[in-house]
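Take a look at the structure set out below.
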Amino acid sequence: PALESCDLVVTTGGVSAGEKDLVIDVLVGLGCDVVFRKMMMKPGKPTALLRRRPGRDGAPAPPALALCLPGNPVSSLVCAQLLCVPMLDVMRRATDDRAALASDADAAAY
C-alpha cells in the first residue's frame, strides 16, 4: 500500500460526514491516527490529516502522512494550495538538507 512506500498520500473526497464518506475510517483501519479531522475554514472544512502508527513490533515506521482533501473541486484546490504544497516544500527541504549533510560528511572523511 501507498502508506508503506510514500511519505505523503493525498486523497480527494470521501472525508465529510456522509454515510459514504469512508476514507478516514479506512485509513484508521490501515494503522493511522487522526491528527485533525475538520478545519475551521470555508471552503475546505472536511479536510483531514492522519499519521501512520509505529510498526506492530514496536519498531518505528517511516513517517507517513495522509492528507485527505474535500471532494468539492474548488475546496480541494484551495486546501491543496494552503496545505499540500507547503507540506511538500518542507518534506523536500528536509530531504535536500539530509543529502547536503551526507555530502559534507563524505567530504570531511577524505
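A count restricted to region 24-36 and to residues that are surrounded by 15 or more Cβ atoms within 10 Å (Cβ to Cβ) and either modelled with pLDDT of 90 or more or polar (S, T, N, Q) (or both) stands at 3. Taken over region 68-82, the residue count meeting the criterion of being buried (at least 18 other Cβ atoms within 10 Å of the Cβ), in a helix (DSSP H, G or I) and of a type outside the set (G, A, S) is 2. Restricting the first member to region 39-52 and to residues that are farther than 13 Å from V26 by Cα, and the second to residues that are polar (S, T, N, Q) and open to solvent by 30 Å² or more (accessible area, probe 1.4 Å), the beta-carbon pairs closer than 8 Å and six or more apart or on different chains are P43/N72; P46/S16.
To keep it simple, each residue is scored yes or no on (1) among the basic types (K, R); (2) closer than 16 Å to L82 by Cα; (3) part of a loop (DSSP other than H, G, I, E, B).
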site: G14; (1), (2), (3): no, no, yes
site: A17; (1), (2), (3): no, no, yes
site: D21; (1), (2), (3): no, no, yes
site: D25; (1), (2), (3): no, no, no
site: D33; (1), (2), (3): no, no, no
site: K38; (1), (2), (3): yes, yes, yes
site: K42; (1), (2), (3): yes, yes, yes
site: P46; (1), (2), (3): no, yes, yes
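In a residue-by-residue description of region 8-19, the property of being modelled with pLDDT under 90 and open to solvent by 80 Å² or more (accessible area, probe 1.4 Å) applies to at least one position. The set of residues from region 3-33 being of a type in the set (A, V, I, L, M, F, W, C) and within 11 Å of the chain's Cα centre (by Cα) comprises L3, C6, L8, V9, V10, C32.
The values are calculated or read from the model by the stated rules, or taken from the named source; none is laboratory data. These figures come from a predicted structure and were not determined experimentally. Cβ: placed from backbone, ideal geometry, glycine included. Neighbour counts: every protein chain shown. Ligands, DNA and RNA are stripped out before the accessible areas are found, and what is left, the full protein with its side chains, is counted by its heavy atoms. Shrake-Rupley method; radii C 1.70, N 1.55, O 1.52, S 1.80 Å.
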